[in-house]
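In what follows, a single structure is set out as structure tokens and then discussed.
Every number in this text was worked out from the coordinates using simple rules, so none of it is lab data. Since this is a predicted model, take the numbers as computed values, not measurements. Every residue, glycine as well, gets a Cβ built from its backbone with ideal geometry; the counts of neighbours run over all protein chains shown.
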Amino acid sequence: MNKGARYIAICLIALTAIGIFYVAFSRLLSSREPHVDVERERFPVIGIDLSAHNGEVDFEKVAADGVNFVFLKASEGADFRDPRFHENYAKARQSGIKVGAYHFFRFDRDGYEQGRNFLNAVDSLTFDLPLAIDVEEWGNPDGYETEKVVEALRGMIFALEGSRNKVILYTNKQGYTRFIKNRFEELPVWVCSFTNPPMTSDNWLLWQHSHQSRVDGVDGFVDLNTFNGDSLTWEQWLNDVSL
């Protein structure tokens, strides 16, 4: 075999290997659905989170389907309010489901102002669960330094806790490492993760383990969450939160 033929053969082999790798990698990525099944005997408490994007919800059907708690989007940034929040709150309360509220945290808005927006959105409503701050890179602009985001987050937490509210931080594993770990570990964590277990440590209270679940009363896919404990531990935690 001359040099030219040998070179062509090597190139063909390399291209074939690249093609095989690309196909395998693509299949791996496409097979990773945003959903993990959990052991219901170990984690019997079920929750969902909703916003206006979920449309009109029949909370009586949701409750009958075994859902124990719901977090409702109340606000985002320094001025946005979810248009279905008060309607969802009233219906969820009537159904007997334990209710919480969450705020989508914006990197490009002042933290304290976001806290005031959240407080004004929930006003004097009563909740069974802590106020949740959704802190994640998805949906936020790039280019913001970690410490700037952390500083703004401190401002929001200060605003909420200054009004005697308990706080829980929602994030994914990347957000936990970047914004929360070694900074806000005194606060409970609600983690979004599609691995089981959800984190290498047991430092989580709530686990969002699916974006592709179905629940009676909600059209389309809904996020599914679970509590890190059994039913007795859940009731004890609810009592602690209400104190």
For a quick check, take a GNM of the chain with Cα springs below 10 Å and name the residue from Glu76, Glu60, Glu136 with the largest mean-square fluctuation.
Glu60
What percent antiparallel are the DSSP beta bridges of the chain, to the nearest 5?
30 percent
Need one number: nm distance between label points at Gln174 and Asp110, each 7 Å from Cα along Cα→Cβ, rounded to one decimal.
3.0 nm
For region 98-113, in order, what is each residue's ³J(HN,Hα) by Karplus, 6.51 cos²θ - 1.76 cosθ + 1.60 with θ = phi - 60°, in whole Hz (x at glycine and Pro)?
5, 10, x, 10, 9, 10, 7, 7, 9, 5, 9, 10, 4, x, 5, 5
Each label sits 7 Å from Cα toward the beta-carbon; between Ser163 and Glu41 the label points are separated, in nm, by 4.4 nm
A correct Karplus calculation of ³J(HN,Hα) over region 115-127, with 6.51 cos²θ - 1.76 cosθ + 1.60, θ = phi - 60°, whole Hz and x for Gly and Pro, returns x, 5, 4, 4, 4, 5, 5, 7, 6, 9, 5, 9, 10
Linear extension gain, Ala64 paired with His211, 0.36 nm per residue minus alpha-carbon span
50.9 nm
Can you tell me which lysines have their Cα less than 22 Å from the Cα of Lys91? Leave out same-chain residues fewer than eight positions away.
Lys61, Lys73
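R0 = 25 Å: FRET efficiency of Thr126 with Asp219, Cβ-based, nearest 0.05?
With R0 = 25 Å, the Cβ-Cβ based efficiency is 0.35.
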When only Cα pairs under 8 Å and 6 or more residues apart are kept, what is the percent relative contact order across region 39-242?
24 percent
Of (1) 1.24; (2) 0.96; (3) 1.45, which one was derived for Cα Rg over 2.2 N^0.38 Å from the structure shown?
(1)
To the nearest 0.05, how large is the calculated FRET efficiency for Thr146 and Arg81 if R₀ is 25 Å and r is the Cβ-Cβ distance?
0.35
